[in-house]
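Chemist: Quick one: the structure is below, questions incoming.
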Amino acid sequence: MEKSKQKKYLSVGVFLLLTFTFVVAALFNFEVHIQGREYEMQLEALKEFSDQGSLSIETKLGGYVNTLNGLAGFLQEGALDLETNRKYLQDTAGREEMDFQYIGVADLSGKAWITNGSNSDISDRDFFQEALNQKYVITESKESEFADAEIFIVAVPVPDKNGQPRGVLYGVIETDSFRLYENTSLDLASQYLQVIDRKGAYIMRENIERSIVKDKNLFDGLRVVESKIPADEVISRIQKGEPIITEVSDGKREYLIYFSPLQMNDWYVVTVMNKADITKRVSRLLGNDVYLLMAEVVGAVALLCVLIVWFSIKEKKQSLRVYEQMKMDEEIFRIASAESASIIMVYNIKEKQLKIMNHERSRIRLPAVLENAPKNLPVYLADTENVSEQLEKIFAAMEKMNGTEEFLLSLKVEKELHKFRLKLRSWANEKQEVMQCVCVMQDVTEEIQLRQNADIDFLTGLDNRRSGTRKIESFLEDAVVLESGTHAIVIMDLDNFKKLNDTLGHQTGDKALQDVARVLRRHFRDYDIICRLAGDEFIVLMKNIPADVIGMNIQALLKKLVLTYGEGEKSVTITASAGIVVTPVNGIKFKALYDKADKALYQVKREKKNSFRFYEEEMA
């Protein structure tokens, strides 16, 4: 009896010892796991911080390029050093919101006039030569010729009316005013940013007193500190334009350094974080609370086990009721579907099976269940042109989407073309795999026709033909308005639009028309009249616009309307051509003005697409 108790106590002791060992091991593993997770989170935070810095810098640089391109657009005609051009550039450079120290403009020989009143010869400058052959140039930082400060230069070509360079416009920015840390969530106590080129030379460098690499060239500094990734490999990947993160040490401190390339030029954002700060965060996170947390977790697990047992017993009693309820819900769903005017379908992604819940009410003859739907459904709808391409895109969307999406589908019903709106709703499992998609298919032909008969174009949201022409005619009938200034009527249509439809399908063509409409709305002013006449033809009335600005305005628009769709061999690029009339110079009656603009457009299409022409009397 005594031996039996001893064995029992020994067994309990062994069990308690094993339990204690397991808990200690679990605690240690938990602490290690938390440290690893926190380290990974800090790496992600470092990358996010660096991306913020990159985005901030690229936004700044892009703003400089866009500003200079906008200024260059006003210098397309006449001598570059005209007094009006000088005055305009001086006013621009003097604005408080501009970061330009000064702005210069040079002709093709390199003779430059600068907004500070001086003249210079920049023909031997690298940025001048490069700007004549590129869209823009952003130089490295260097000492200013006019002040004790570091500067860099942004330069763009000045195009003539044919788009060829006739000079260079450049702006000078002091690196101090560039504000490297603007719009970044920077913790100056443990993080800092620097900017280098792909040769390791510093473009901008702040917090040099805390920098682990204090050499004038960062690559030289990397070679004298310890790096987890060899310095030569880091340098090689930077020169290839790849992002890279590494750990370095100077023997006293350890740092994480992330190199993030910019997209606009060959600069790199270098983000540095003190690794010791991560260890401090982990220590604060864990402390003594981790043990209390583990005790709470063990108690919660024990309670959960009890609840699971209780719920499992209860679940057996409810399973039959749930099954019966599911059968009843399915029947109710079928009854509701039978009464609906829409076609309701359920698509099983894995089995590629399509169930039509109320097929008997549809004028489209489909079976109740269709196996291998992506292949077999087009067979039932073969009378409609491009139906296979339309359905291929819809089924592909079903397999990738997670949520809701809408499509328009064109089908022939009883030999008449109808438009159907497909509202898709899909669900994904815990692995984010899309398993099932419900589709509500509704005939919206009458709705589209009603909207087309109204004032708004159904596809683009612009004024339709009736509304737009009515507004233009009303404007032209107001003699007082006409006499108040110069106005232009522009007729445009798209080049290669038929090829786009034939190659990529009408849905891509519809998307292209919507993209063009968005460009037109952004380009023209709120009070201009923009109308889709039909197909790929648009008309615009530009009110109160100087005659010498009309051509520059339309030239800038045509550049924005160079749009590419598809990939590889199935890629199609569309452009736009335009015919222009000016009122009251070319007349005041809408029909006559429209005919003249159409003749100018015809001349453009015959001679050179992706261009524009003003109406001339010899075109009559």
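The values are calculated or read from the model by the stated rules, or taken from the named source; none is laboratory data. Computed from a predicted model, the values in this text were never measured in an experiment. We place every Cβ from the backbone using ideal geometry, glycine too, and count neighbours over all the protein chains shown. These accessible areas exclude ligands, DNA and RNA; they are computed on the full protein's heavy atoms, side chains included. Shrake-Rupley method; radii C 1.70, N 1.55, O 1.52, S 1.80 Å.
Okay, residues lined up against (1) at pLDDT 85 or above; (2) more than 33 Å from the chain's Cα centre (by Cα); (3) within 29 Å of Ser410 (Cβ to Cβ):
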site: Trp427; (1), (2), (3): no, no, yes
site: Gln452; (1), (2), (3): no, no, yes
site: Leu459; (1), (2), (3): yes, no, yes
site: Asp463; (1), (2), (3): yes, no, yes
site: Ile472; (1), (2), (3): yes, yes, no
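Chemist: I need a count of the residues in the range 374-417 that are assigned to a loop (DSSP other than H, G, I, E, B), within 30 Å of Lys431 (Cα to Cα) and without any contact (Cβ under 8 Å) to a residue 24 or more places away in the chain. Even if it seems obvious, please write down each step before you answer.
Modeler: Going through the range 374-417, the residues assigned to a loop (DSSP other than H, G, I, E, B) turn out to be 381-386, 401-403, 414-415.
Next cut, within 30 Å of Lys431 (Cα to Cα) only: 401-403.
The next check asks that each one be without any contact (Cβ under 8 Å) to a residue 24 or more places away in the chain; those that pass are 403.
So the count comes out to 1.
Chemist: Consider the range 97-121. How many of its residues are touching a residue at least 40 places away in the same chain (Cβ under 8 Å), among the hydrophobic types (A, V, I, L, M, F, W, C) and over 16 Å from Leu75 (Cα atoms)?
Modeler: Final tally of qualifying residues: 1.
Chemist: Given the conditions (1) surrounded by fewer than 14 Cβ atoms within 10 Å (Cβ to Cβ); (2) at pLDDT below 80; (3) in a helix (DSSP H, G or I), and given that Gln42 satisfies all but one, which numbered condition is not satisfied?
Modeler: It fails just one condition, (1).
Chemist: Kindly list the number of the only condition in (1) within 29 Å of Lys559 (Cα to Cα); (2) open to solvent by less than 70 Å² (accessible area, probe 1.4 Å) that fails for Lys498.
Modeler: Just one mismatch for Lys498, condition (2).
Chemist: Scan (1) within 29 Å of the chain's Cα centre (by Cα); (2) over 24 Å from Leu459 (Cα atoms); (3) at pLDDT 95 or above; (4) open to solvent by 60 Å² or more (accessible area, probe 1.4 Å) for the single condition Val562 breaks and write down its number.
Modeler: (2)
Chemist: Next question. Under 6 Å between Cβ atoms, at least 6 apart or on separate chains: pull out the pairs that start in the range 193-209 with a residue that is at pLDDT below 80 and end on any residue that is open to solvent by 10 Å² or more (accessible area, probe 1.4 Å) and in a helix (DSSP H, G or I).
Modeler: Pairs found: Met204/Thr175.
Chemist: From the set of residues in the range 581-620 that are assigned to a loop (DSSP other than H, G, I, E, B), small (Gly, Ala, Ser) and touching a residue at least 12 places away in the same chain (Cβ under 8 Å), which is least open to solvent (accessible area, probe 1.4 Å)?
Modeler: Among residues in the range 581-620 that are assigned to a loop (DSSP other than H, G, I, E, B), small (Gly, Ala, Ser) and touching a residue at least 12 places away in the same chain (Cβ under 8 Å), the one least open to solvent (accessible area, probe 1.4 Å) is Ser611.
Chemist: Tell me whether the range 81-92 contains one or more residues that are of a type in the set (A, V, I, L, M, F, W, C) and in contact with a helix residue (DSSP H, G or I) (Cβ under 8 Å, 6 or more places away or on another chain). Give the steps one after another, and end with the answer.
Modeler: First, pick out the residues of the range 81-92 that are of a type in the set (A, V, I, L, M, F, W, C): 82, 89.
Within this subset, residues satisfying the condition of being in contact with a helix residue (DSSP H, G or I) (Cβ under 8 Å, 6 or more places away or on another chain) are 89.
Yes.
Chemist: Identify the residue in the range 111-132 that is in contact with a Phe, Trp or Tyr (Cβ under 7 Å, 6 or more places away or on another chain) and over 26 Å from Thr59 (Cα atoms) and, among all such residues, is surrounded by the fewest Cβ atoms within 10 Å (Cβ to Cβ).
Modeler: Asn119
Chemist: For the condition over 16 Å from Met98 (Cβ atoms), at pLDDT below 85 and out of contact with any helix residue (DSSP H, G or I) (no Cβ under 7 Å at 6 or more places or on another chain), what is the one hit in Phe127, Phe146?
Modeler: Working: Phe127 fails: at pLDDT below 85.
Phe146 is the lone residue from the list that is over 16 Å from Met98 (Cβ atoms), at pLDDT below 85 and out of contact with any helix residue (DSSP H, G or I) (no Cβ under 7 Å at 6 or more places or on another chain).
Chemist: Those residues that are closer than 18 Å to His506 by Cβ and either surrounded by fewer than 16 Cβ atoms within 10 Å (Cβ to Cβ) or in contact with a His (Cβ under 9 Å, 6 or more places away or on another chain) (or both), I need them from the range 410-425; list them, please.
Modeler: Ser410, Leu411, Lys412, Glu416, Leu417
Chemist: Can you find a residue in the range 87-110 that is surrounded by fewer than 13 Cβ atoms within 10 Å (Cβ to Cβ) and among the hydrophobic types (A, V, I, L, M, F, W, C)?
Modeler: The first filter runs over the range 87-110 and keeps only residues surrounded by fewer than 13 Cβ atoms within 10 Å (Cβ to Cβ), leaving 87, 91, 94-97, 109.
Add one more test, that the residue is among the hydrophobic types (A, V, I, L, M, F, W, C), and what stays is none.
For the range 87-110, residues surrounded by fewer than 13 Cβ atoms within 10 Å (Cβ to Cβ) and among the hydrophobic types (A, V, I, L, M, F, W, C): absent.
Chemist: While we're here: Would you please name the residue that is nearest to the chain's Cα centre (by Cα), looking only at residues in the range 429-443 that are polar (S, T, N, Q) and part of a loop (DSSP other than H, G, I, E, B)?
Modeler: Narrowing the range 429-443 to residues polar (S, T, N, Q): 429, 432, 436, 442.
Checking the rest, the ones that are also part of a loop (DSSP other than H, G, I, E, B) come to 429, 432.
Values: Asn429: 28, Gln432: 24 Å.
Ranking the qualifying residues of the range 429-443, first place goes to Gln432.
Chemist: Something else about it: In the range 494-516, is there at least one residue being in a loop (DSSP other than H, G, I, E, B) and either on the phi < 0 side of the Ramachandran plot or among the β-branched types (Val, Ile, Thr) (or both)? Walk me through how you get there before you give the answer.
Modeler: To start, the set of residues in the range 494-516 that are in a loop (DSSP other than H, G, I, E, B) comprises 496, 505.
Subsequent filtering for residues that are either on the phi < 0 side of the Ramachandran plot or among the β-branched types (Val, Ile, Thr) (or both) retains none.
Within the range 494-516, none of the residues are in a loop (DSSP other than H, G, I, E, B) and either on the phi < 0 side of the Ramachandran plot or among the β-branched types (Val, Ile, Thr) (or both).
Chemist: Tell me, which residue of the range 250-283 that is over 25 Å from the mean Cα position of the chain (by Cα) and of a type in the set (D, E, K, R) is modelled with the highest pLDDT? Don't jump to the end; show me each part of the working.
Modeler: Taking the range 250-283 as the starting set, the residues that turn out to be over 25 Å from the mean Cα position of the chain (by Cα) are 250-257, 272-283.
Filter once more, keeping what is of a type in the set (D, E, K, R): 250, 252-254, 275, 277, 280-281.
Numbers: Asp250: 76, Lys252: 79, Arg253: 80, Glu254: 83, Lys275: 75, Asp277: 70, Lys280: 66, Arg281: 62.
Restricting to residues being over 25 Å from the mean Cα position of the chain (by Cα) and of a type in the set (D, E, K, R), the top hit is Glu254.
Chemist: Mind checking which strands (runs of 3 or more DSSP E) fall wholly inside the range 108-160 and carry at least 2 residues that are among the basic types (Lys, Arg), over 27 Å from Leu262 (Cβ atoms) and within 36 Å of the chain's Cα centre (by Cα)? It would help to see each step written out before you state the result.
Modeler: On the way: elements: 111-114, 119-121, 150-159.
It comes to none.
Chemist: Quick check on Lys135: is it surrounded by fewer than 16 Cβ atoms within 10 Å (Cβ to Cβ) and touching a strand residue (DSSP E or B) at 6+ places or on another chain (Cβ under 9 Å)?
Modeler: Values: surrounded by fewer than 16 Cβ atoms within 10 Å (Cβ to Cβ): yes; touching a strand residue (DSSP E or B) at 6+ places or on another chain (Cβ under 9 Å): yes.
Taking the combined requirement at face value, the residue satisfies it.
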